[in-house]
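Accompanying notes for the structure given below.
The values are calculated or read from the model by the stated rules, or taken from the named source; none is laboratory data. Predicted, not measured: the structure shown is a model, and the values here were computed from it. All Cβ positions, even for glycine, are placed from backbone atoms using ideal geometry, and neighbour counts span all protein chains on display.
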Ligand SMILES: Cc1cc2nc3c(=O)[nH]c(=O)nc-3n(C[C@H](O)[C@H](O)[C@H](O)COP(=O)(O)OP(=O)(O)OC[C@H]3O[C@@H](n4cnc5c(N)ncnc54)[C@H](O)[C@@H]3O)c2cc1C
Ligand code: SF4
Ligand code: FES
């Protein structure tokens, strides 16, 4: 490609004399100064600010091996979410502040956190609805990897334990022929299909905290989603019921409703668990 | 070193579909993904999946609509393959249990969507992508396909033959986010890139924070041409404060756009006298911005999308999710008030050049989904066409990589005798700053065996990461902000030569700055500072590619509008913009569009709605 390059002085004469390392530090210093000024101006400008108290921990960084809380003051604007506030703190004060997030719209399930004592999605929680200071911690009852990031492996294992995949007896073999499902049945399983695997329910559950093998509300809900889908066969349903009525299954649930309360997708988890208990009884499956 | 037959990078819709297809062909396949599969942005798709299922509909009508929507910049073999195979893919999803919305007789519902001549959009409530993603992940679990979850792929392991078409891809290098381990992945048969969109190049986008165009940038730097990058779709209805998307489904169900004088703008100002709100996205986006620019916007920023007249019952039944989005992210009750909306970056039509079997010009390297450009969306993608695309071409790439013979592809890849040299005046030179910045592909030598190629690539990535970790430098977020700002200001829905040149200068400055970035988090454990810093490099390369394409293409076609060239110029511009990174030098050339389809030759017609 032919390019017409106007030679331009992009570099500051003074800085040019320095070694690359010096130059880098110089730029960094200038940038840091500018940033500090900008933050100050933003805090001044904002009609209100909020104080975040954020849990910090890193097993391999000096000074962070012992869990502690760091305070961050962020400018507040209407509509600001906890995720926005965390991103502000990270990008303006401390780039090592670590938390999972991606979609910003409550569909990826990455940012379930313990915010002012309750499991919530950071992106779906309005800062304006919370009392100051705002305490942000990783999900309780899960191993902390670093800062707000917890190990999700156990949660995934439980989800996988219920054979979480559709398994009909047979599918139509006619060309472009779908299985039929009544709108009523689709409606019946609708709420159960909304789970985004955020882990908030599991973290809120006392039973799960005490019994590590308990399947937990999300996995049981996943089983419900298939057991109640009329496209699957009767035998498969029996097998599904057997999985969820085992020792660490539905009978552990003491209907405390904490999972239902925290679920960001409003899934009636406790009801689903209760319904499966009734189904298991109806089907004469043995009690634990 | 990890070893599999097929390595799929990315586990959104495209990656999952590819992995299942490769597995069904008997390959040992693994997914390597920076996010757990269910966290992929496919989960955010709301509206639907187009497929000609109805007996009164037919695949060639779907193909025709797609070509017309694309403003004739698609390759017919891709469009025809797509439209023909989409119905099977949708039924396959149904057989896998996807909870589609249903009619009274139990059949899958279909509804009208922008730019379609038949109501052929299947959907699952307003959460189509969520269900598609989860349904396919369930099938991955069922098959026991290995998932390397939260592994960030930093580069490809490719031989360094002079001509990219002689190169071979043997695998990739990935960084285990949790432990900091850097490892080589050896793919015996092929690597499939399925890394999704690049919305983070802009600051107002419907895309996730993780959509940083890693796949496009890695393939580009390995020598694969990237195609039609200037075609960026802006969605007309995103919430002003976050960029969260309000699905086209709202307009499909009858939602209306009003300006501040409560005029139905699409008709009042003649933007689309026939289709009104259902005109294609670029038309509606420009209409909204024109309203705002001419002083009829609300708060000088947005317009109103009103669905109240549809009635509570219908809204709750079909669009309930929209109510939650408006409430949670904008504080507006859609049953009670109109919703504020404005255009936001949404989809990248361009991407990694592939043929209809998903393969690039580098042997053993494939791409599918939003990161790829098989060229079926051309200059403008129709709503509801991306999900079926990732199903059709994800599956094809998976099969081909696993060794199934799909027949010879008709779409050529790589520069050829048919290519035409390109020429564009840029104020600063694009590409790498110097040879150390070129990210040349493997220097293990052309003859090196696969293990050596991978080991060399691993060593280079280790060095790059060490440098970033040890360097006491500027935070990448500042560089990223600069890029996003200039792209939004200068490479938006309306494009002018001076602005595009300004953007190139700003991008060059950002590239200079990037030389000085450093990661201040010293930890090897879950170092997102490091990941974001690597992503920012990819954002720079892609911002530049988009802008170069936009500056080169002096016409108005689909999503690409130039102030001084407000007409489609078929004589001159019925060709794809191709950019190739030759070890740091950017080469621009053009490739002719293929309009000869299976049954019909597409005749460019005026795109009127
Ligand atoms: C809000 C929204 C609504 C939409 N609605 C519709 C719709 O209704 N209908 C329609 O047809 N289309 C729609 N689209 C478009 C469509 O959803 C996307 O184009 C499509 O889902 C992209 O899928 P993908 O598999 O290519 O990428 P993604 O789903 O984004 O997946 C990318 C994957 O790549 C992985 N990855 C990325 N980089 C790396 C790396 N460096 N290393 C390892 N892994 C990596 C990620 O972890 C992720 O798993 C919508 C898009 C958006 C944003
Ligand atoms: S059931 Fe609700 S709380 Fe539990 S994982 Fe699913 S979405 Fe999260
Ligand atoms: S960021 Fe995806 S759920 Fe909050």
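The table that follows gives values for the structure above.
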quantity	calculated
Segment B:109-131, residues that are crowded, with 24+ Cβ neighbours inside 10 Å and in contact with a strand residue (DSSP E or B) (Cβ under 7 Å, 6 or more places away or on another chain)	B:110, B:113, B:116, B:120, B:121, B:122, B:123, B:128
Subset of segment A:99-137 (residues that are without any contact (Cβ under 8 Å) to a residue 60 or more places away in the chain, within 16 Å of ligand 2 (Cβ to nearest atom), within 14 Å of chain B (Cβ to nearest Cβ) and not in a loop (DSSP other than H, G, I, E, B))	A:122, A:123
Filtered residue count, segment B:157-211, keeping only those that are under 22 Å from the mean Cα position of the chain (by Cα) and surrounded by fewer than 24 Cβ atoms within 10 Å (Cβ to Cβ)	3
From the options B:62, B:95, B:54, residue that is away from ligand 3 (no atom under 16 Å from the Cβ), over 21 Å from the mean Cα position of the chain (by Cα) and in contact (Cβ under 8 Å) with a residue 40 or more places away in the chain	B:54
Single residue of B:504, B:588 found to be within 14 Å of chain A (Cβ to nearest Cβ) and in a strand (DSSP E or B)	B:588
Residues that are surrounded by 24 or more Cβ atoms within 10 Å (Cβ to Cβ) and either at pLDDT below 95 or part of a helix (DSSP H, G or I) (or both), drawn from segment A:203-217	A:203, A:204, A:208, A:217
Residue within segment B:64-77 that is within 16 Å of ligand 1 (Cβ to nearest atom), within 14 Å of chain A (Cβ to nearest Cβ) and within 23 Å of residue B:370 (Cβ to Cβ) present	no
Residue count for segment A:53-75, restricted to those that are outside any loop (DSSP other than H, G, I, E, B) and within 8 Å of chain B (Cβ to nearest Cβ)	0
Residue that is farthest from ligand 3 (Cβ to nearest atom) [pool: residues in segment A:83-132 that are over 11 Å from the mean Cα position of the chain (by Cα) and within 23 Å of residue A:205 (Cα to Cα)]	A:117
Any hit, segment A:162-182, residues being part of a helix (DSSP H, G or I) and either facing chain B (nearest Cβ under 8 Å) or away from ligand 3 (no atom under 16 Å from the Cβ) (or both)	no
Qualifying positions in segment B:507-548 - part of a helix (DSSP H, G or I), within 12 Å of another protein chain (Cβ to nearest Cβ) and more than 30 Å from residue A:56 (Cβ to Cβ)	B:508, B:509, B:510, B:511, B:512, B:548
Tally of residues being within 14 Å of chain A (Cβ to nearest Cβ), closer than 17 Å to residue B:310 by Cα and out of contact with any strand residue (DSSP E or B) (no Cβ under 6 Å at 6 or more places or on another chain) across segment B:324-339	1
Pair list, Cβ under 7 Å, 6 or more apart: segment A:258-273 residue within 14 Å of chain B (Cβ to nearest Cβ), other residue part of a helix (DSSP H, G or I) and within 15 Å of ligand 3 (Cβ to nearest atom)	A:263/A:200; A:263/A:201; A:264/A:124; A:264/A:200; A:265/A:194; A:267/A:194
Segment A:91-109: number of residues that are away from ligand 1 (no atom under 16 Å from the Cβ) and closer than 15 Å to residue B:200 by Cβ	1
Only listed residue being within 12 Å of another protein chain (Cβ to nearest Cβ), at pLDDT below 90, farther than 28 Å from residue A:113 by Cα and not in a strand (DSSP E or B), chosen from A:28, A:78	A:28
So residue A:215, is it in the same structural domain as residue A:261 (by TED's automatic domain parsing) and over 26 Å from the mean Cα position of the chain (by Cα)	no
Members of segment B:107-139 that are more than 19 Å from residue A:165 (Cβ to Cβ) and facing chain A (nearest Cβ under 8 Å)	B:107, B:108, B:125
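One line per residue, one yes/no per condition, for (1) more than 10 Å from ligand 1 (Cβ to nearest atom); (2) in a loop (DSSP other than H, G, I, E, B):
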position: B:185; (1), (2): yes, no
position: B:191; (1), (2): yes, no
position: B:210; (1), (2): no, yes
position: B:233; (1), (2): no, no
position: B:237; (1), (2): yes, no
position: B:270; (1), (2): yes, yes
